[in-house]
Each structure stands twice: as C-alpha cells, then as structure tokens.
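Heads up, the thing below is written out as structure tokens.
Where a number appears in this text, it was derived from the coordinates with a stated rule and is not lab data. Everything numeric here is computed off the predicted structure, so don't read it as measured data. Every residue, glycine among them, receives a Cβ derived from its backbone with ideal geometry; neighbour counts consider all protein chains shown.
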DNA sequence: CGAGTTACTTCAATGATAGAAGTAACTCGA
DNA sequence: TCGAGTTACTTCTATCATTGAAGTAACTCG
C-alpha cells in the first residue's frame, strides 16, 4: 500500500490513521487482540488475500504495532503479536464495536462480543472520564479546546464550535 | 470504492468499518464534527481529490452517516452535515486522537485538540464505564464474553482469552 | 515415499486513486 | 454588459493497489 501523508498532519487522527493503515490492519488488530497469532489463522479469519496480508503485517511490524517472533526452529516458523503500542489500540476497536452494535452494522441484532464488569456482570460502555476521580463526565460539560500544538485553523474552528454549543 | 463484505460479517467492528469506508471517510467525519460543512472547505482541509471526495460523500449519504442539504436557491448549493448516526462516531475519532497523541503519531509533541471538563478544566480520557454508576472500571475487572450472537469461533477464542488472563 | 502443514511469493487481471483540467450556474463590481 | 470570482462538482488518464489463483520451500508425520 502506498503511504501518503495527509494534509493536516498535525492532526492526531490523521496521524493515527496513517500509522494504522486501513481496514485490513484494524481487522488484524482485532484478531491479534483476541489471541490469534498465526498467519494462516489470520488469513482465514479475515478473508484477506495472501499478498495483502503479508504486506500489511510487514507495515504493522515496521510501525511497531505488531511484532514478528520466531516460535520454533525446525521448520522455521514465526508468529505475530501486538506490541504495547498495538494493544493500546483497544479503545479504537471498542469504539468501533460499540458503534457497530448500536447502529446494527452487521445486520444481525445480537452482538457477538460483550464487554462486562467481572464483578457485577453489567455491560460497560466507553465514556469520557476524569482520570483523577474515575467518573464519567456528562456530555454538556465536555469541551474541545485548542491544545499547545493547535494552528490558526483549528483554533478558529474550535472557537466557532463552542459558540454553537446551544444549538 | 468497491464495497466488500468481509468474512466474519457478524463482527461489529468489520461491520462498522464497512459502513464507514476508509480513512478519507473518517477524516470527513472529523471535519464535519468540527463544524465544516462545505465541499470546498472539506476538500482543502483534508487534501482529498475531487473525484474521491464526491464519491465518499455519496457513500456516506447513502449510509445515513452524512446528510446533504440545500442551503440556498440561486445558485443551487448544498452542504453536508453529520446525521445522528454520524455524530455518534465521536468515540471512534476520540479513541484515534487519544492513541495518536499518546504514541506521537504526528511527529509533533503537542496535541492540537484537548478534551476537557468545562467545570474543572481537567483533561478527559476514554474509559470503560458502568453506565449505571457512571464510574470507570479498572482493567482487571474487564471481561470479554460471548454475546447472544456469538458463533463457535468467537466463543472458543474468548474462552482461551479468559484462560490466559494471568499472563 | 507421499500427503500434510505453515508461511509465504509470484502473477495477470481488475479496480481505485491522484492530480490536473474542465464545466455549469450563478453573483458581484465597474 | 463584461469579466472575474465562487461553489460544487465531472471527466480524464496514468499510476498504483488489490484480488484470486497458483506455486514454492522447508519441513513433519505415518
């Protein structure tokens, strides 16, 4: 796959998407985080062509999202695992799964995977949390503001966004 | 863009990725949620070629993620906005931004956008929350379990995942 | 010895994308 | 009324990526 740098490369979303690659890569990350390790298992689970799989794995390894490690000598064999950086993408896949479930992206009503609290058994959802207190912040208290790396364009957009809060 | 159904279409992640489309689409969603509405603004902000932009917008409209609405008569002009379904993708872009910031995906140290609590000014992060209590659940209490729509493969993978929790 | 497993590589055909140029329907100022 | 500008596209071609099928290398196992 050709790698391009997007316009607006100060944007972390564009940066993240650039590093990850594409849908195949995200599906790989999903399967790796579910415990699949081997080339053929990944290929069958995802239904990705060989050439594409090889290429994506190479890219992800180059970007330190996946590591390729030897697991036996004779015959020489390798497996793939997420690095800490790759494991840290779990919120992205969780957000995608949540959205997919909520808006019925598969055409099936019943979700295949649920995320629950081991103690109470209750389903969990992603929310914005103050890490100091550990509690979720309601939507009307959430504010987007320019960070130290913001340029004029972002500053202006965010300014207008905050003016339009009432709407 | 050709639309394919992935193997494992019971998977909400694959489903969500299918509906969204690709990186361009996610960047469009980012810009639309920041308040951009007009074709030319989107094109310039993202640096997407005309043909691709037109095609992606059409796809997103067809999928009820974006709506195209007329905003004047003479000359006839249209703008693009997120539908509720599209707006609900905010957790996906937030997760991508968080990851991009944490792992320095742009090459710049300083994030361009921060999400804060309007009351305290403190930065917020995504976390898994029990919606009943509104508080974040620590990682060791989080459990993935097969939902009602799980097939044998998922069931097996999740079983092994939970066995390997100690590692 | 022959079949099977794992992890790929190679190839030809098809499909998508970029970048540049062009178009339609207006408005606005001189 | 003329010409430049704005907005939202469409069209084109060369290049690039992807698919799906087939092949390969280095083993193991019966």
### Query
What angle, in degrees between 0 and 90 and rounded to the nearest 10, separates the Cα long axis of helix A:23-33 from the longest principal axis of the Cα atoms of chain A?
70
### Message
What do you get for the angle between helix A:90-102 and the principal long axis of chain A? Use alpha-carbon atoms, 0 to 90 degrees, nearest ten.
### Response
70
### Message
Can you give me the angle between helix A:50-62 and the longest principal axis of chain A, using Cα atoms only, in degrees from 0 to 90, rounded to the nearest 10?
### Response
60
### Task
State, to one decimal in nm and shortest first, how far the label point of residue B:139 sits from each corresponding label point in the other identical copies (label point: 7 angstrom along Cα-to-Cβ).
3.0
### Message
Run the helix sum for chain A: -39,500 (n - 2.57) per DSSP H stretch of 4+ residues, divided by residue count, reported at 222 nm to the nearest 500 deg cm²/dmol.
### Response
-12500 deg cm²/dmol
### Summary
A correct fewest-to-most ranking of B:116, A:66, B:125 by other Cβ atoms within 10 Å would be B:125, B:116, A:66
### Message
Relative contact order for chain B: what percent, with Cα pairs under 8 Å and sequence separation of 6 or more?
### Response
12
### Shape category assigned to segment A:21-167 from the gyration tensor of Cα positions, a/c cut at 1.5
prolate
### Query
What order do you get for A:115, A:61 when you list them from fewest to most C-beta neighbours inside 10 Å?
A:61, A:115
#### Entry: Ascending count of other beta-carbon atoms within 10 Å, so fewest first, for B:135, B:33, B:93
B:135, B:33, B:93
### Message
Using a 7 Å offset from Cα along the direction of the beta-carbon, what are the separations from residue B:47 to the same position in each other copy, nm, ascending?
### Response
3.4
### Query
Rounded, prolate or oblate: which fits segment A:93-136, taking a ≥ b ≥ c as square roots of the Cα gyration tensor eigenvalues, rounded meaning a/c under 1.5, else prolate when a/b beats b/c?
oblate
### Message
List, shortest first and in nm to one decimal, how far the label point of residue B:69 (7 Å from Cα along Cα→Cβ) is from its counterparts in the other copies.
### Response
5.3
